[in-house]
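To keep things clear, I will list the structure first and then write my remarks on it.
We did not get these values from a lab; they are worked out from the coordinates using the rules stated. Treat the numbers as computed from the prediction; the structure is a model and nothing was measured. Because the Cβ atoms are built from the backbone with ideal geometry, glycine has one as well, and the counts that use them run over all protein chains shown.
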Amino acid sequence: MSLREDGMVLARERAAQAWCTPETKKIIMDTILAEAFAKILNEIWSQPWLGNAKTSELIDELRTRCEMNGILDYRTVD
């Protein structure tokens, strides 16, 4: 299972919890709405700035921030 698929599994579980609170447990779950919530959650969680990103995404984010601040001073090793 890929990271993206793992993220969707977790997002679906979290979205489904919306129907498990004391205030909402008597409401019938709308699976189409739950899936839409899950997609939104997964989209947000996969952003580097939220700390749930792949290593390459984090490196790209850090490189971009360093370049923007003018402090990029590194060399890659071949």
Scan region 1-42 for GluC sites (Glu not before Pro) in coil per DSSP, keeping those whose Cβ has at most 11 other Cβ atoms within 10 Å, and list them by number. Glu23
With every atom except the alpha carbons ignored, what do you get for Rg and Dmax of region 3-69, in angstroms? 15.9, 52
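Only Lys, Arg, Asp and Glu count, each charged at its Cβ (+1, +1, -1, -1), so figure out the dipole size of region 3-69 about its Cα centre, rounded to 20 debye. Mind dumping the intermediate values first?
Numbers: 9 positive and 11 negative charges, 36 e Å.
Approximately 180 debye in magnitude.
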